[in-house]
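No lab work stands behind these numbers, since they all come straight from the coordinates. Here the structure is a predicted model, which means the values were calculated and not measured. So basically every Cβ, Gly included, is an ideal-geometry build from the backbone, and we count neighbours across all protein chains shown.
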Amino acid sequence: MAKKPYYITTAIAYTSGKPHIGNTYEAILADAIARFKRKEGYDVFFQTGTDEHGQKIQEKAEAAGVTPQAFVDEVAGEIKGVWDLVNTSYDKFMRTTDADHVKQVSKIFKKFYDQGDIYKDYYEGMYCTPCESFWTESQLADGKCPDCGRDVKPAKEEAYFFKMGKYADRLIEHINTHPEFIQPVSRKNEMMNNFLLKGLQDLCLSRTSFTWGVPVEFDPRHIVYVWFDALTNYITGIGYDAEGNHSERYKKYWPADLHLIGKDILRFHTIYWPIFLMALGEPLPKQVFGHPWLLLGDGKMSKSKGNVIYADDLARLFGVDAVRYFVLHEMPFDNDGQITWELVAERFNTDLANVLGNLVSRTIAMIEKYFGGTVTKSLPANEEDPDIEFKATVTGAVAKVVAKADELRIADAISEVFTVFRRANKYIDETMPWALAKDESKKARLNDVLYNLAEAIQIGASLLDSFMPETCAKIFAAYGGETRSLEECASFGLRESVTVTATPPLFARLDFKTLAPEIEKIRAAQLAAYEAEMAKNAPADQAAKEKQAVNADMGASSEEETAKVPEITFDDFVKVQLRVGEIIACEAVPKSSKLLKETVKFGDEVRTIVSGIAKHYKPEEMVGKKVVFVTNLAPRKVCGIVSEGMILAAENADGTLALVVPEKDVASGTTLG
């Protein structure tokens, strides 16, 4: 019997820079779903890739001094490298600069024009370059882009527009009659109430103010709007042809079973994209799932704060499968999740090292110690308490895992698998193999207990291998077996004997204190890279800005200026937070003779601070010093660098400076009171 096709896609990653772990989460989640669907017996096609056109790309390429194509080639390669690093088993990695895609985008645009779905007019409104989105004044949030919160700028240009209202009622009816179409339900309500039911404005579908994009075939001054270009990848990537000459792959896999996207681009995928498909006369995808965000602590990641976390850094410290486990297990179904270095380390130790790794290692050790590495199948007649309940828990897990995975509740599915491993650890405590080993008459019972444990581990690994493939491959190798089908996971005792092979610990416990220095290096390197980028893009002439910034940073210094300082109350004084910071890195600011950039550690926090002291201290003199800083100043840019505090220094009459340092050695982060 032919396998049922299953087509899953991610949103294609925008080639503006290296993806952080929040972006990478989507690729890992899609991979986990694709692998599990294959295990369920589906013929899966998993497509991902990169979105490579648009004004933002053109501007970044110009700033880098390269062509847009050269720029996206490099970034697309980096994105693909990250996807490969985390073991995404995609069937196609497509790029919107691929020739076949560009050709079809042009043909689709012409088809819309010929059938009267688009028309030419002028657009006047507000434009967000990072989001590549147009907005009316009424749609802005406090004057900012409602999607990303960044500044927008007025834009007026000739453009082609798509008649969205022509298809709006059909889309509303489809959503109402297909409750599974937009998930979770909260996302559906948001799209209906905030957009569709309020009435759709016609959508700008072309641009003339830049050139990096797909040209409009019949009007080459125009390029196709980047979102229209990007959305069509889901059909062009599998062989759609606007003239009807579709590939066999397209006929087999469309409509998509699942578009997996971030909640921030839901409008494009659940309103614009379905309407485009209706205009093409093609069926709509079966489901669009808007997953939540992965936040750093309780906020978004920011390069300017040096708090962006990347998958390759995490993998280097914890391993690829630990990264996959964390993002899959810690992300709620419809609420934002949190990630910090500390949280990853905690989960690594509690779940992976203690629960799974320890179970695998000590079971192997006992089988080798007591039976020379091989145990044989136990007989049902020999079952004792708690064997029956233990086996039922293990074999009953598969139905629960499948139910959760089919609902896309991957975190819950993984929890069900770990219920097997936790129950196996409890089974060891209940049966006490070490005690059985002391009594020769209990040897048969000891064999049965260890066989039952080996069987439970193999079933658990077979349920887990879609989510942690490298780890489970090691388990199968150590237990002399291979992954089992879902049907086989419902049966206990499929092997007549199990022979184990000693293997290094899957997850050796970590001491976070030993990781902290490496994490600080990562943060410092991120800040340095960000600040170098900002400095490179800064105007060449910064003299006036430098002077203003230095004066603001150092405060009044002359007697005349000091005399003008007003008195303050005690309440005013306590508003100022003074803390001791340890300078862990320092360098001169490019194009400035006065400024130093310090990387300062305040306890577990690291900040960048710019100070006007370069004429008094060399960068190498600053490293290792513990100095008093004002740490609750609002961040501001100095020569393109975001400074997050102010160093304290006294200035003599001759202009020399002396830093304010504590009399005795105190811990970094200590607050002055």
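Computed quantities for the displayed model
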read-out	value
Given charges at beta-carbon only (K, R positive; D, E negative), |dipole| of the chain in Debye	640 debye
Separation of alpha-carbon centers, the range 144-198 and the range 609-670, rounded to whole Å	50 Å
Cβ-placed point charges (K, R +1; D, E -1), dipole of the range 276-403 about Cα centre in debye, nearest 20	380 debye
For the range 489-495, Karplus couplings with θ = phi - 60° (6.51, -1.76, 1.60), whole Hz, Gly/Pro x	5, 8, 10, 10, x, 7, 10
Antiparallel bridge percentage (DSSP; both residues within the chain; nearest 5)	70 percent
Spacing of the two label points (7 Å from each Cα toward its C-beta) at VAL630 and ALA650, in nm	1.8 nm
Among beta bridges that DSSP assigns inside the range 205-354, antiparallel share in %, nearest 5	35 percent
The range 219-355, relative contact order [Cα under 8 Å, separation at least 6], %	19 percent
Partner lysines for LYS3 [C-alpha distance under 16 Å; skip if fewer than 8 residues away on the same chain]	LYS37, LYS39, LYS251, LYS252
Stretch in the chain that is longest and holds no GluC sites (Glu not before Pro) that DSSP places in a loop and that have at most 13 other beta carbons within 10 Å	1-179
Among the listed pairs LYS575/LYS664; LYS521/LYS664; LYS80/LYS594; LYS618/LYS664; LYS153/LYS594; LYS18/LYS120, those beyond 30 Å (Cα-Cα)	LYS80/LYS594; LYS153/LYS594; LYS18/LYS120
Trypsin sites (Lys or Arg not before Pro) restricted to the range 433-503 and DSSP loop, no more than 14 other C-beta within 10 Å	LYS438
Listed residue (ASN189, TYR167, HIS246) projecting farthest to the positive dipole end of the range 130-252, Cβ model	ASN189
Candidate aspartates and glutamates - alpha carbon under 15 Å from LYS286, same-chain residues fewer than 8 apart omitted	GLU173, GLU180, ASP257, ASP406, GLU407
Count of lysine pairs in the range 340-499 with Cα separation under 27 Å (8 or more residues apart, or interchain)	29
Gyration tensor (alpha-carbon) shape descriptor, the chain, a/c threshold 1.5	oblate
Charge dipole (the range 373-511, unit charges on Cβ, about Cα centre) - positive-most of LEU408, ILE459, THR471	THR471
Qualifying trypsin sites (Lys or Arg not before Pro) in the range 144-219, DSSP loop, other Cβ atoms within 10 Å at most 12	ARG150
5 angstrom amide H check on HIS222, placed H, neighbours 5+ away	VAL216
Relative contact order of the chain, defined on C-alpha pairs under 8 angstrom at six or more residues apart (%)	11 percent
Kyte-Doolittle at least -1.0, axis length at least 18 Å by Cα - qualifying DSSP helices, the chain	21-39, 68-85, 99-114, 165-177, 358-371, 387-406, 410-431, 443-464, 512-537
